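A.B. asks: Before I ask anything, here is the structure I am working with.
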Amino acid sequence: MVNQDYLEKVEPYDKWRSLVYTTCFLHSVVQERRKFGALGFCIAYEFNTADLEASLTYIDKHMTQCSAMNIPYSWKAIQYMVTEVQYGGRITDDLDRELFITYGQQWLTEAVFQPNYIFNTTFTEFHYAIPDSSEHGKFMESIGSMPVKDSPIIFGLHPNADLTYRLNESIAMLTTLVDTQPKEASGGSGKSREDEVREKIEKELLPQLPPDFLEAEIEDRLKTLRGPKGLSETGKGIPLNVFLFQELQRFQTILSIVRRTLQNMVLAIEGSIIMTPDLVEAIDSVYDFRVPRPWTFDPTGAEIAWLCPSLTGWMKGLNDRHFQLNGWISKERPQSFWLTGFFNPQGFLTSMKQEVTRQRKAQQWSLDEVEYQTEVTKDVIQGDDGRIEGKQLQVPGEGVLIHGLYLEGAGWNKGEKRLEESQPKELFYTFPIIHVFAISTAPVTGPGAGAKAKQDDRGGEKQMYSCPVYKYPKRNDRYLIFRVMLKCDVPGGTNALPKGVTPPMKWKMQGVALLCSKE
């Protein structure tokens, strides 16, 4: 599409060539960024040459018109048309749209007209610069000199992203190998597949199952379960108690399905009941140490439980979730909540907002005028089960403490409570406990209207990164829970950011997010 004539299409030629090269470079980066999976883009969009051509056509018209009228270029217009209209027309995820806008804010600027402009913000072995030439051949020569294996840094990612990419490739290959193995072969011990599965069920899986929750006992206990300080209500009317009842019902449904499926698999192997296609599929899954489909999806394909690639991890999650719910209903409200252990974490946070609103009844807070506010503490709970036995925490008067999250794409400076670069080969960072509460967004009308009312001046948030929190590493709007405002570092020295690039933009391009699960 780009030849010598195209490079001499618009005056001034030097600026036109720089913008053509920049737009083509942007196109290549967003195409290749997809290989990093969810760390790159939440959804792998099919960007194509038509998007590039439409963007260059707009830039052509814009530059021609500005030159004719003798006015400066409108970079906001160029950024908007390229990132939100031409390419953005394909983007359906909000986080992906923000990422693409960030690329435009960084590269579609006046800075690309500077001599020897370099795209990479931090040091790499190869400098991705705009060639200082007017000849098409020189441009092609410069492109041909680029390394075969590009550093993740040029995409705005941390070098650890390459390790994530390789791990995902390996997992995909191993999954394919397992799927294509013959299903009728006997085990290494000489036993048949069915005999091995039955032995595993009877000796490992069934004994692992926690006891059932009895609805009558739950109802009685909920009547006496207290709420937070300052809330006079007791029993089932408390929002988080309502949420607990709903979680217990859903958990018991899953537990019943698991118990019934395991028992039916044993009976079918023994010949006591008919071996249905669903039971055959479940036996194959248990033999391959994978989760039977009925445990996580209903017959319509709707997701009814948590997702986990391994059977061992899923069963561990079952017991850990039972531990949290059982401790809550039988004893008292936990000091800190393991967010991963809930079917509906968004509902949990909404219930918290309802409780804070009721606690602020004297200030006439309204639920539709309340938003989340977060504060990261210094306490860290290690382990994947989220258990906090023996640890005394300072429980806040309003809001809740949550834990069990993992930071991907960056590290965390616990002393200064801010984001920092990840350590080599450290893909996930166990995040500290977060205090989540609510503040009113209603305008303050008089004294006593609310000590935590939202301030109009939020200039400090310019250095805060709005970090998304997802249920799984597979990031999309469906699994987005809420956002946490995290303090950013201000790089200096060799890692200093170019003019116009803010620290939040840097972390946005690195795909930094908090995850409830690493699998």
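Taken together, the values in this text are just the output of simple stated rules run on the coordinates, not laboratory data. Model, not experiment: these values are computed from the prediction. Neighbour counts are summed over all protein chains in view; Cβ atoms, including those assigned to glycine, are modelled from backbone coordinates with ideal geometry.
A.B. asks: Which whole-Hz ³J(HN,Hα) couplings does segment 151-168 yield from phi under the Karplus relation 6.51 cos²θ - 1.76 cosθ + 1.60, θ = phi - 60°, glycine and proline marked x?
C.D. replies: Couplings: 6, x, 4, 5, 8, x, 9, 7, x, 4, 4, 5, 5, 4, 4, 5, 5, 4 Hz.
A.B. asks: Restricting to Cα pairs below 8 Å that are 6+ residues apart, what does the relative contact order work out to for segment 4-168? Please round to a whole percent.
C.D. replies: 25
A.B. asks: So what is log10(I(q)/I(0)) for segment 256-364 at q = 0.11, 0.13, 0.19, 0.20 1/Å, when the Debye sum runs over its Cα atoms only?
C.D. replies: -0.51, -0.65, -1.04, -1.11
A.B. asks: Using each residue's phi in segment 426-434, evaluate 6.51 cos²θ - 1.76 cosθ + 1.60 at θ = phi - 60° and report the 3J(HN,Hα) Karplus result to the nearest Hz, with x for Gly and Pro.
C.D. replies: Those phi angles translate into 9, 7, 10, 10, 5, 7, x, 5, 10 Hz.
A.B. asks: Here is a further query. For Gln346 and Gln31, what is the calculated FRET efficiency with R₀ set at 41 Å and r taken between the beta-carbons, to the nearest 0.05?
C.D. replies: 0.80
A.B. asks: Given a Förster distance of 60 angstrom, what is the FRET efficiency for Thr92 paired with Asn413, based on the Cβ-Cβ distance and rounded to 0.05?
C.D. replies: It comes out at approximately 0.95.
A.B. asks: Of the options Gly399, Leu206, Gly271, report the single residue whose Cα projects farthest towards the positive end of the charge dipole of the chain (beta-carbon charges: Lys, Arg +1; Asp, Glu -1).
C.D. replies: Working it through, the farthest residue towards the positive pole turns out to be Gly399.
A.B. asks: Check Ala442: other-chain or 5+ apart residues with amide H under 5 Å from its amide H, H built from backbone geometry?
C.D. replies: The answer is Lys454.
A.B. asks: At Glu332 and Val380, where each label point lies 7 Å from the Cα along Cα→Cβ, what is the point-to-point distance in nanometres?
C.D. replies: Here the modelled spin labels are 2.9 nm apart.
A.B. asks: Work out how much length Glu303 to Glu8 would gain on full extension: take 0.36 nm times their residue separation and subtract the Cα-Cα distance, in nm to one decimal.
C.D. replies: Roughly 100.7 nm would be gained on extension.
A.B. asks: If you rank Trp328, Trp306 by fewest surrounding Cβ atoms within 10 Å, what's the result?
C.D. replies: Going from sparsest to densest Cβ surroundings: Trp328, Trp306.
A.B. asks: Which one of Ser74, Gln86, Ile43 has its Cα pushed farthest toward the positive end of the charge dipole of segment 40-96, where Lys and Arg give +1 and Asp and Glu give -1 at the Cβ?
C.D. replies: The residue sitting most towards the positive pole is Ser74.
A.B. asks: So how far apart, in nm, are the two label points at Ser272 and Arg387 if each is 7 Å from Cα heading toward Cβ?
C.D. replies: A separation of 3.2 nm, rounded to one decimal place.
A.B. asks: Moving on. Please compute the net charge surrounding Asp489, taking Lys and Arg as +1 and Asp and Glu as -1 over other residues with Cβ under 10 Å from its Cβ.
C.D. replies: With Lys, Arg at +1 and Asp, Glu at -1, the net is 0.
A.B. asks: Could you give the alpha-carbon Rg of segment 4-168 over 2.2 N^0.38 Å, rounded to two decimals?
C.D. replies: Working it through for segment 4-168, the quotient is 1.05.
A.B. asks: Explain nothing, just compute: Karplus ³J(HN,Hα) = 6.51 cos²θ - 1.76 cosθ + 1.60, θ = phi - 60°, for every residue of segment 108-117 in order, whole Hz, x for Gly and Pro.
C.D. replies: Once rounded to whole Hz, the list reads 8, 9, 4, 4, 5, 7, 6, x, 6, 5.
A.B. asks: Relative to the first principal axis of the alpha-carbon coordinates of the chain, what is the inclination of helix 94-107, with its axis defined by its Cα atoms, in degrees from 0 to 90 and to the nearest 10?
C.D. replies: 30
A.B. asks: Another one. For helix 13-33, report the angle its Cα long axis makes with the longest principal axis of the Cα atoms of the chain; keep it between 0 and 90° and round to the nearest 10°.
C.D. replies: 20
A.B. asks: Then there's this: When only Cα pairs under 8 Å and 6 or more residues apart are kept, what is the percent relative contact order across the chain?
C.D. replies: 14
A.B. asks: Let me ask another. Would you work out the relative contact order for segment 312-384, in percent, from Cα pairs under 8 angstrom that are 6 or more residues apart?
C.D. replies: 18
A.B. asks: Quick check: residue separation of Gln423 and Leu367 times 0.36 nm, minus the Cα distance between them. What number comes out in nm?
C.D. replies: Extra length from Gln423 to Leu367 when fully extended: 16.0 nm.
A.B. asks: Also, quick follow-up: Less than 17 Å from a label point 7 Å out along the Cα-to-Cβ axis of Ser466: which backbone N atoms in segment 323-356 qualify, by residue?
C.D. replies: none
A.B. asks: OK, next. Given R₀ = 22 Å, what would the calculated FRET efficiency be for Ser142 paired with Lys15, taking r from the Cβ atoms and rounding to 0.05?
C.D. replies: Efficiency, from the Cβ-Cβ distance: 0.75.
A.B. asks: Report, in degrees rounded to the nearest 10, the 0 to 90 angle that the Cα long axis of helix 239-270 makes with the longest principal axis of the chain.
C.D. replies: Its long axis makes an angle of about 70 degrees.
A.B. asks: Given the options Phe297, Thr180, Tyr429, identify the residue whose Cα lies farthest towards the positive end of the charge dipole of the chain (+1 on Cβ of Lys, Arg; -1 on Cβ of Asp, Glu).
C.D. replies: Tyr429
A.B. asks: Sticking with this structure for a sec: How big is the dipole moment of the chain about its Cα centre under a simple scheme where the beta carbon of each Lys and Arg is +1, that of each Asp and Glu is -1, and everything else is neutral? Debye, nearest 20, please.
C.D. replies: The dipole magnitude comes to about 1420 debye.
A.B. asks: Arrange Leu222, Leu325 by Cβ neighbour counts within 10 Å, fewest through most, would you?
C.D. replies: Leu222, Leu325
A.B. asks: Would you calculate, for the chain, the mean residue ellipticity at 222 nm contributed by helices, counting each DSSP H stretch of 4 or more residues as -39,500 (n - 2.57) and dividing by all residues, to the nearest 500?
C.D. replies: That comes out to -12500 deg cm²/dmol.
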